[in-house]
1. Quick check on segment 269-314: of everything there that is among the aliphatic types (A, V, I, L, M), farther than 22 Å from Lys178 by Cα and modelled with pLDDT of 95 or more, which residue is farthest from ligand 1 (Cβ to nearest atom)?
2. Regarding segment 199-209, can at least one residue be identified that is β-branched (Val, Ile, Thr), more than 16 Å from ligand 1 (Cβ to nearest atom) and over 26 Å from the mean Cα position of the chain (by Cα)?
3. Does Val225 count as under 19 Å from Thr283 (Cα atoms), in a helix (DSSP H, G or I) and away from ligand 1 (no atom under 16 Å from the Cβ)?
4. Of all residues in segment 146-185, which are within 15 Å of Thr340 (Cα to Cα) and open to solvent by less than 60 Å² (accessible area, probe 1.4 Å)?
5. Would it be correct to say that Gln239 is open to solvent by 10 Å² or more (accessible area, probe 1.4 Å), under 28 Å from Trp40 (Cα atoms), of a type in the set (S, T, N, Q) and away from ligand 1 (no atom under 16 Å from the Cβ)?
6. Could you tell me which residue of segment 391-427 is surrounded by the most Cβ atoms within 10 Å (Cβ to Cβ), considering only residues that are in contact (Cβ under 8 Å) with a residue 24 or more places away in the chain and farther than 13 Å from Lys349 by Cα?
7. Specify which of the listed residues (Ile170, Ile164) is at pLDDT 95 or above, of a type in the set (A, V, I, L, M), under 24 Å from Asp308 (Cα atoms) and outside any loop (DSSP other than H, G, I, E, B).
8. How do the pairs read when you match residues in segment 178-201 that are within 22 Å of Val236 (Cβ to Cβ) with residues anywhere that are among the polar types (S, T, N, Q) and part of a strand (DSSP E or B), using Cβ under 6 Å and keeping only pairs 6 or more apart or on different chains?
Amino acid sequence: MPRKKKTSIPKTTKKRKRKVKRFQTVRGMRDILPDEQPYWQKLRKVIEKVAVDYNYRRIDFPIVESVELFERGTGMDTDIVDKEMYKFKTAGGDWVCLRPEGTPSVVRAYLQHGMRTWPKPVKLSYSGPMYRHDRPQEGRYREFYQCGFEALGEQDAILDAQMIQMAMRIFKLLKLKKVSLHLNSIGCEECRPSYNKLLISYLKNRKKSLCMDCKRRLKTNPLRVLDCKEEKCTQVVSQAPQTVDHLCGDCKKHFTTLLEYLDEIEIPYSLRPELVRGLDYYTKTVFEFFMEDENGSQAALGGGGRYDYLVEKLGGPSTPAVGFACGMDRIVNAMKNADTEPYQAPTPKVYLAQLGDVAKKKSLKIFEQLERSGIMVAESFGRGNLRSQLNQANKIKAEIVLIIGQREALDGSVILKDMNSGGQETLPFDKIIKEVKKRLKKNADMAKKIAQQERKKAQNLKKKKKKKK
Ligand SMILES: [Zn+2]
Ligand SMILES: [Zn+2]
């Protein structure tokens, strides 16, 4: 009997081990692993640079907001609020959601913190994750990243132009080519009602040819029929009256002024009567950026437009505003296809090796001293074997290796091995930082000199070739 018991114990532990659940990301969510991060870092750096250059100040707002903010801001009958919002009731009984986009949050913050007293326009930029419970597709996630720019308090079309200019600057800095600007004006409260009437009567006569969604939109949001992707709807829409032909005087002037600005800064555009942007708050200018991918199909990078009534709709005073947002996941994808150079972090040129227990103890402190004095150091403290540490130093192309052995640890010194010359010397701890800095500078100067000489050589070659021609 005891024997039986003995054999049964390991069996059950085995069974239990197999049962432990391994977790996966939730559907539509993903990890962005270290290998991909250099692209994201590059993108963030470019966005940050452009934001500073164009005088936009960073704002962060919560991921969780009240449901009503988006119902009232983005609109009840928009896909992102109606169908795709992650909403839930908190233990306290409030209806909250994971933010599906940034603009209503920016306006909420603008009002909450009295930014209307700030000098106008108030220019704000943000970036971070957004959430939409959409059907996941290749390159499309339920948690996705957006960066956005909002300028509040100015109605002049020059801001619309500058917003577009800024977006183009971002694409240019990321070396994204074949980016095209689609543009439209969808009017204001003055001119849209009469246009809507016209559109409805046109669509009503062709109701049979519309998709189910558009039949519903006809009642709730007829403008949105214009950007339906269903083929039967695009056919109907192609002959529909166009918003630009029915703008009021003010909207017309605003739009033609914007076009003049764009001509002036030489940004080509293509006028798209079907472009309406699908959210309730847009007025006048709407725009989108598309990039042609390697298969020749168009992928949207981002877009934006004017939202002159949103501040008022969310309880503030009448405040014109214009904004733009782009999908960072898509841009990162585009960067990879465009062979954009990802961000390259500086790499350590010094490697710290240790041998023996006493040395190992000292090494943490020395590492910190070097790091504090601005010297980047690589190490593999977990390894005891000196040869494997030196291999590692070679692998990362370290210029200097510092070795602390048992004896050095006891008498307070370090062996400095110069990997370029192969020479080595023993130095007291307190001389190390100065010596390392001196040698690194010498190497850097040398590298600069060589690079300069090579550039000169290349230039001379070019000149010679020109002369021959
Ligand atoms: Zn108008
Ligand atoms: Zn449709």
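1. Step one: of segment 269-314, the residues among the aliphatic types (A, V, I, L, M) are 271, 275-276, 279, 286, 291, 299-301, 310-311, 314.
Adding the requirement that they be farther than 22 Å from Lys178 by Cα leaves 276, 279, 310-311, 314.
Subsequent filtering for residues that are modelled with pLDDT of 95 or more retains 310-311, 314.
On the way: Leu310: 16, Val311: 18, Leu314: 21 Å.
Out of the qualifying residues, it is Leu314.
2. Initial filter on segment 199-209 (β-branched (Val, Ile, Thr)): 200.
Those still in the list that are more than 16 Å from ligand 1 (Cβ to nearest atom) too: 200.
From the residues that got through so far, the ones that are over 26 Å from the mean Cα position of the chain (by Cα) too are 200.
Yes, segment 199-209 contains a residue that is β-branched (Val, Ile, Thr), more than 16 Å from ligand 1 (Cβ to nearest atom) and over 26 Å from the mean Cα position of the chain (by Cα).
3. Working: under 19 Å from Thr283 (Cα atoms): yes; in a helix (DSSP H, G or I): yes; away from ligand 1 (no atom under 16 Å from the Cβ): yes.
Answer is yes for this residue.
4. Of the residues in segment 146-185, the ones within 15 Å of Thr340 (Cα to Cα) are 169-179.
If the condition is that a residue be within 15 Å of Thr340 (Cα to Cα) and open to solvent by less than 60 Å² (accessible area, probe 1.4 Å), then Ile170, Phe171, Leu173, Leu174, Leu176, Val179 are the ones that fit.
5. Numbers: open to solvent by 10 Å² or more (accessible area, probe 1.4 Å): yes; under 28 Å from Trp40 (Cα atoms): no; of a type in the set (S, T, N, Q): yes; away from ligand 1 (no atom under 16 Å from the Cβ): yes.
Here the answer is no, as Gln239 does not meet what is asked.
6. Restricting to residues being in contact (Cβ under 8 Å) with a residue 24 or more places away in the chain and farther than 13 Å from Lys349 by Cα, the top hit is Val414.
7. Details: Ile170 fails: under 24 Å from Asp308 (Cα atoms).
That would be Ile164, the only listed residue that is at pLDDT 95 or above, of a type in the set (A, V, I, L, M), under 24 Å from Asp308 (Cα atoms) and outside any loop (DSSP other than H, G, I, E, B).
8. As it stands, the answer is His182/Ser270; Ser185/Thr285, since those pairs meet every condition given.
The values are calculated or read from the model by the stated rules, or taken from the named source; none is laboratory data. These numbers come from a predicted model, not from an experiment. Virtual Cβ from ideal backbone geometry, glycine too; neighbours counted across all protein chains shown. Surface accessibility is based on the protein's heavy atoms, side chains included, excluding ligands, DNA and RNA. Shrake-Rupley method; radii C 1.70, N 1.55, O 1.52, S 1.80 Å.
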